[in-house]
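The values are calculated or read from the model by the stated rules, or taken from the named source; none is laboratory data. Remember, predicted model here, so these are calculated numbers, not experimental data. So basically every Cβ, Gly included, is an ideal-geometry build from the backbone, and we count neighbours across all protein chains shown. To get the accessible areas, we keep the full protein, side chains included, count just its heavy atoms, and leave off ligands, DNA and RNA. Shrake-Rupley method; radii C 1.70, N 1.55, O 1.52, S 1.80 Å.
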Amino acid sequence: MELRPEQLAELASDKALAPVYLVAGPERLRVLEAADGVRAAARHQGISEREVYEADARDFSWDQLAAGFNAPSLFSPRRLVELRLPSGKPGKDGSEILRQFCEHPAADVVLLITADDWSRAHQQGKWFEAVNRLGVVAVAWAIKPHELPEWIERRLRRHGLRAEREALMLLAERVEGNLLAAAQEIDKLALLADGRTLDLATMQQLVAESARYDVFRLLEASLSGQPDAVLRMLGGLRAEGEQVAGLLPMVIRELLAAAAFSRISADGGNLAAEFKARGVWEARQAPYRRALDRHPDPRRWERLLAEASRVDRMAKGRLDGDPWLALERLLLAVCAAPAVRLLARSSPLA
């Protein structure tokens with residue numbers, strides 16, 4: 001059975017769970033929220049035991065997953081088993097194990113499969129057909145430009161807000177297809193709108209204050225190689241009371257995307273096709289391309305991601321250091337290749 005990701009994100013907590021869920025697609029926010037909906041429903045139904053398998057981990061084996069399906073639950077009558085399959089391709093061994101699970105599902109297991117890369121070609125395999133027959137499939141295709149205002153309107157309604165068409169178009173234009181940016185703006189509007197119907201003038205007023213220093217403009221400046229703008233915006237965010245821990249998820253998301261584009265480019269792949277598949281609007285492609293010109297080696301992006309992880313630990317008090325200074329150095333390193341040496345003071349990976 002196929003559902004929209006938003007249907008899983010709002011999954012009724014008392015609805016009987018299917019034996020298997022597949023949530024996949026290039027629109028990361030929709031995948032995350034749909035998977036969170038399954039997890040929340042599982043917790044509500046008393047499924048407290050959760051096992052996570054990373055299919056791209058070095059120590060992962062499909063036999064290990066198969067054994068996990070057959071192992072008894074230790075702490076609750078049922079388990080949520082998560083399989084993270086970034087490529088969306090389990091290979092011959094994985095396909096067979098997933099197909100066998102669907103033919104003979106373990107009574108105490110709810111299987112949740114998530115994948116980032118996805119296309120129509122992924123839906124030709126026997127394992128996918130088995131999952132679709134037994135459970136629920138939700139594919140988070142990239143939102144097309146003409147679909148974005150409707151998506152924004154639905155999300156506003158979930159927050160008890162309404163907006164006129166012109167206001168919706170303004171917000172859609174502002175976020176340029178970035179659903180995370182749209183979600184952040186809508187969260188702000190829920191706090192500021194006070195239940196008002198949003199007309200064009202009101203929308204302009206409410207989004208204007210955040211337009212100058214929001215994190216997405218900061219990341220765009222960093223990818224575009226604008227160090228002065230990065231320092232100014234970062235200072236503005238800090239002055240407005242933002243916390244590094246709140247900024248890092250978006251920073252890491254952009255670095256992950258850039259790392260993926262870098263691998264495709266280094267392998268001689270079709271970068272334009274990948275941008276299209278991931279729903280990256282034309283206006284958003286230029287900063288990525290500039291960043292890839294400065295850092296063509298995929299290993300450089302792995303180093304930047306490792307540094308982002310260190311900054312995250314600093315921000316959460318798990319590592320000594322000034323998280324604001326570390327974040328500044330990280331973003332400047334993205335801005336300009338020579339600035340990577342700044343990371344050497346705090347990271348052996350630089």
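State which residue is modelled with the lowest pLDDT when the search covers only region 1-16 and only residues that are of a type outside the set (A, V, I, L, M, F, W, C) and in contact with a helix residue (DSSP H, G or I) (Cβ under 6 Å, 6 or more places away or on another chain).
13
In region 282-291, which residue that is open to solvent by 20 Å² or more (accessible area, probe 1.4 Å) and in contact with a helix residue (DSSP H, G or I) (Cβ under 7 Å, 6 or more places away or on another chain) is nearest to residue 172 (Cα to Cα)?
285
Return the only residue of 160, 125 being free of Cβ contacts under 8 Å to residues at least 40 places away in the same chain and open to solvent by 40 Å² or more (accessible area, probe 1.4 Å).
Result: 160 is the single residue among 160, 125 that is free of Cβ contacts under 8 Å to residues at least 40 places away in the same chain and open to solvent by 40 Å² or more (accessible area, probe 1.4 Å).
Name every residue in region 295-320 that is assigned to a loop (DSSP other than H, G, I, E, B) and more than 20 Å from residue 337 (Cβ to Cβ), in order of residue number.
Correct list: 316, 317, 318, 319, 320.
Which condition does residue 152 not pass, out of (1) of a type in the set (Val, Ile, Thr); (2) over 23 Å from the mean Cα position of the chain (by Cα); (3) within 30 Å of residue 181 (Cβ to Cβ), if it passes all the others?
Tallying (1) of a type in the set (Val, Ile, Thr); (2) over 23 Å from the mean Cα position of the chain (by Cα); (3) within 30 Å of residue 181 (Cβ to Cβ), residue 152 fails exactly one: (2).
If I filter region 260-279 for residues that are closer than 24 Å to residue 228 by Cβ and surrounded by 15 or more Cβ atoms within 10 Å (Cβ to Cβ), do I get at least one hit?
Checking region 260-279: not a single residue is closer than 24 Å to residue 228 by Cβ and surrounded by 15 or more Cβ atoms within 10 Å (Cβ to Cβ).
Can you tell me how many residues in region 1-50 are hydrophobic (A, V, I, L, M, F, W, C), touching a strand residue (DSSP E or B) at 6+ places or on another chain (Cβ under 6 Å) and either open to solvent by 30 Å² or more (accessible area, probe 1.4 Å) or under 27 Å from residue 252 (Cα atoms) (or both)?
Here the count works out to 10.
Which condition number in (1) surrounded by fewer than 14 Cβ atoms within 10 Å (Cβ to Cβ); (2) farther than 30 Å from residue 83 by Cβ; (3) at pLDDT 90 or above is the one that residue 133 fails?
With (1) surrounded by fewer than 14 Cβ atoms within 10 Å (Cβ to Cβ); (2) farther than 30 Å from residue 83 by Cβ; (3) at pLDDT 90 or above applied to residue 133, the lone miss is (2).
Name the residue, out of 23, 110, 38, 31, that is in contact (Cβ under 8 Å) with a residue 40 or more places away in the chain and in contact with a Lys or Arg (Cβ under 7 Å, 6 or more places away or on another chain).
110
Do we have residue 272 as small (Gly, Ala, Ser), out of contact with any helix residue (DSSP H, G or I) (no Cβ under 7 Å at 6 or more places or on another chain), over 17 Å from residue 311 (Cβ atoms) and touching a residue at least 60 places away in the same chain (Cβ under 8 Å) here?
It is false that residue 272 is small (Gly, Ala, Ser), out of contact with any helix residue (DSSP H, G or I) (no Cβ under 7 Å at 6 or more places or on another chain), over 17 Å from residue 311 (Cβ atoms) and touching a residue at least 60 places away in the same chain (Cβ under 8 Å).
For region 48-101, enumerate the residues that are over 29 Å from residue 274 (Cα atoms), assigned to a strand (DSSP E or B) and among the basic types (Lys, Arg).
Matches in region 48-101: 50, 79.
Going by the conditions given, is residue 143 touching a helix residue (DSSP H, G or I) at 6+ places or on another chain (Cβ under 6 Å), within 27 Å of residue 248 (Cα to Cα) and in a helix (DSSP H, G or I)?
No: the conditions fail for residue 143.
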